[in-house]
Each structure stands twice: as structure tokens, then as C-alpha cells.
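Data block below; observations after.
Laboratory data are not the source of any read-out in this text; all were calculated from the coordinates shown. The model shown is predicted, which means the values in this text are computed figures rather than measured ones. For neighbour counting, all protein chains shown are included, and Cβ atoms are generated from backbone atoms with ideal geometry for every residue, glycine included.
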Amino acid sequence: MDVGIGLPTTIPGVTGAQVLEWARRAEARGFSSLGTIDRIVYPNYEPLIALAAAAAVTERIKLATTILIAPSRANAALVAKQAATLDNLSGGRLVLGVAVGGREDDYEVSGVDFHTRGKRFDAMLAEWDELWRGDRVGPPTPRDRPTLILGGTVDATYERAARYGDGWSLGGGTPDAFTDGMEKMRAAWSAAGRDGEPRGMSLAYFSLGDGAKSAAEGYLGDYYGFLGDYVGQIIDSAATDADTIRGYVQGFEAAGCDEFILFPCDPDPGQVDLLADALDLQAA
């Protein structure tokens, strides 16, 4: 199983210099991907722009939106062009993970109807497929299109992934939840007549070193505060010691996960080395 690391782009106060140093260290320490998550009404970096910056200071590591709230973007063709551009500039390293999201304010500020996001998402995926196939939104990519991963847990998610994508990502949860989701993904994949196997991904949060628990509480409590009492479960799920991190990785590997991405709660680039040391990753 590949192990990736999230960029600290949604942690309030993170600097551009920290993001770039994080990307450099992640590649040097052997992580498989740099991940981003997405909000609009929040003081975070926009995912595709952040990954473009990371692409400029790296050469090998994959660049993953896990996930981008795609239907909150009103112009499907523009998103397709942005993704194709990043894929081209990075030498085919983009993994475009997309989902509908659940924050109404992100849609409101974008001037997009939150309540029709599923229908908009279906239309967007179909348009992307047509645009990328016809090479209408260049620049030409090293592949026909970026790797496309769908996030979500409703039945339509798996059907969309089987029709348009390369696999599915669990947006946080247990190895058992991942196993259940992949069973649905494989069933949809088979029903769509797809060859091969869909890719399966998942993620979790981590914080290590001095102040690990307070960093997790502060960041996750703010980012997921809109969820009310449930935010406590998210905070409690954050891995704040090496043994817990290793347990998570072993659990998802045993569940057949192809790639597991650990997202930070602390923007200090030293967190990259602490995580790599906990997992005994070998420098690339």
C-alpha cells in the first residue's frame, strides 16, 4: 500500500514557504502523494493552485485532490482545463479526486445551487469526459485525462466512479467502512463492464510531537466545527502517536487499500519527518 501525506493548506496561518518546504520534504522522504482537501468559505489555499506550486518544487510525488468539491465550481470546462494544465505541467502526476461536498455556504458564495449539486455533478463528469476525449481544452496531457477518483458514500458515487473514473476514496473512517465501500465499488465496476480493478483510497488525520493533541483539537475543532457534537469523534480519531499511525496503516493495508493519505493538523514541515520516521519510510 502506498502512503501519502496531505499538504497543510487548510490549516489557518500556514505560509506559502511552509507549504513548499512541506512538498520538498515529502518527496525526499518517500511519500507517494501530496494530498489536498477543499473548502471555499475558509482561510485555506485553493487545491489546484496549491498543487501547481508543489509541482514546481518536486519531480516524482503524485498530486492529489482528496477531494475537490467540483460542482461548487460553476464552469465545468474551466475546471477540466485547469486539471489538464496541472497534469501536463507535472508530467502526468495529478490524481483528481472529486465529490459533491456538504457545505451549503461553499455553494452559496459560488453562486451555485447546493440542492442540485448531484445533478450538476453528473453533468460535469459527462462534460469532462467529452472534453478530455476530444482534446478540446488542452494543453495535451501525458495521458488521455488525469487519474479520476470519486469520493462519497451514496450509491450514485460508485455508479459515477464506475462510469467515468478510476476508483473511489473513503473520506475518513475505519478499515471496515473502507471494505464495505469497496465492495459496492467493485459491484458497480462489474455492472458497468469495466476491466481490471478500481483503485481504493482513504485518509486520516495525524499530529505528532510536542503539543500533538492540542494541535489536533485546535485545527479539527475549527475546521469541522459546523458538525456540532460529531466534531469530537473526528478529533478523537486523529492519530497523535506513532503506534496509532502504524495501526491505521496496517489496518487499511489489510483491508486492501491501494493508498492511504495522512493529513496534518500542524503546519510545521517537521511533521513530515516525524511521520516518515514513525512509518520507517526510506528516503527516495
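Out of the residues in the stretch 20-51 meeting the condition of being in contact (Cβ under 8 Å) with a residue 60 or more places away in the chain and among the β-branched types (Val, Ile, Thr), tell me which one is nearest to residue 266 (Cα to Cα). Restricting to residues being in contact (Cβ under 8 Å) with a residue 60 or more places away in the chain and among the β-branched types (Val, Ile, Thr), the top hit is 37.
Can you tell which of 176, 180 is within 24 Å of residue 102 (Cα to Cα), out of contact with any Pro (no Cβ under 8 Å at 6 or more places or on another chain) and surrounded by fewer than 15 Cβ atoms within 10 Å (Cβ to Cβ)? Steps first, answer last, please.
Values: 180 fails: surrounded by fewer than 15 Cβ atoms within 10 Å (Cβ to Cβ).
Only one candidate passes the filter, namely 176.
Quick check: is even one residue across the stretch 169-176 without any contact (Cβ under 8 Å) to a residue 40 or more places away in the chain and either in a helix (DSSP H, G or I) or not β-branched (Val, Ile, Thr) (or both)?
Going through the stretch 169-176, the residues without any contact (Cβ under 8 Å) to a residue 40 or more places away in the chain turn out to be 170, 173.
Checking the rest, the ones that are also either in a helix (DSSP H, G or I) or not β-branched (Val, Ile, Thr) (or both) come to 170, 173.
Yes, the stretch 169-176 contains at least one residue that is without any contact (Cβ under 8 Å) to a residue 40 or more places away in the chain and either in a helix (DSSP H, G or I) or not β-branched (Val, Ile, Thr) (or both).
Counting the residues of the stretch 250-271 that are touching a Phe, Trp or Tyr at 6+ places or on another chain (Cβ under 6 Å) and either aliphatic (A, V, I, L, M) or farther than 29 Å from residue 147 by Cα (or both) gives 2. Residues of the stretch 216-240 that are within 20 Å of the chain's Cα centre (by Cα), more than 15 Å from residue 10 (Cα to Cα) and outside any helix (DSSP H, G or I): 238, 239.
Among the residues examined, residue 152 does not qualify as within 17 Å of the chain's Cα centre (by Cα) and farther than 20 Å from residue 94 by Cα.
Of the residues that sit in the stretch 245-268 and are in a helix (DSSP H, G or I) and either over 21 Å from the mean Cα position of the chain (by Cα) or among the small types (Gly, Ala, Ser) (or both), which one is surrounded by the most Cβ atoms within 10 Å (Cβ to Cβ)? Per the criteria, the residue is 251. A search for C-beta distances below 7 Å between a residue of the stretch 247-261 that is touching a residue at least 24 places away in the same chain (Cβ under 8 Å) and over 14 Å from residue 237 (Cα atoms) and any residue that is surrounded by 15 or more Cβ atoms within 10 Å (Cβ to Cβ) and of a type in the set (Lys, Arg), counting only pairs 6+ apart in sequence or on different chains, returns 258/199.
Of all the residues that make up the stretch 52-83, how many are more than 17 Å from residue 102 (Cα to Cα) and either surrounded by 15 or more Cβ atoms within 10 Å (Cβ to Cβ) or in contact (Cβ under 8 Å) with a residue 60 or more places away in the chain (or both)? Selection size over the stretch 52-83: 17.
Return yes or no: is residue 57 β-branched (Val, Ile, Thr) and farther than 19 Å from residue 6 by Cα? So residue 57 fails the test. Mind counting the residues in the stretch 107-137 that are of a type outside the set (A, V, I, L, M) and either surrounded by 20 or more Cβ atoms within 10 Å (Cβ to Cβ) or not in a helix (DSSP H, G or I) (or both)? The qualifying residues number 11. With a requirement of 1 or more residues that are more than 19 Å from residue 148 (Cα to Cα) and of a type in the set (A, V, I, L, M), the helices (runs of 4 or more DSSP H) lying completely within the stretch 1-91 that satisfy it span 16-28, 47-56.
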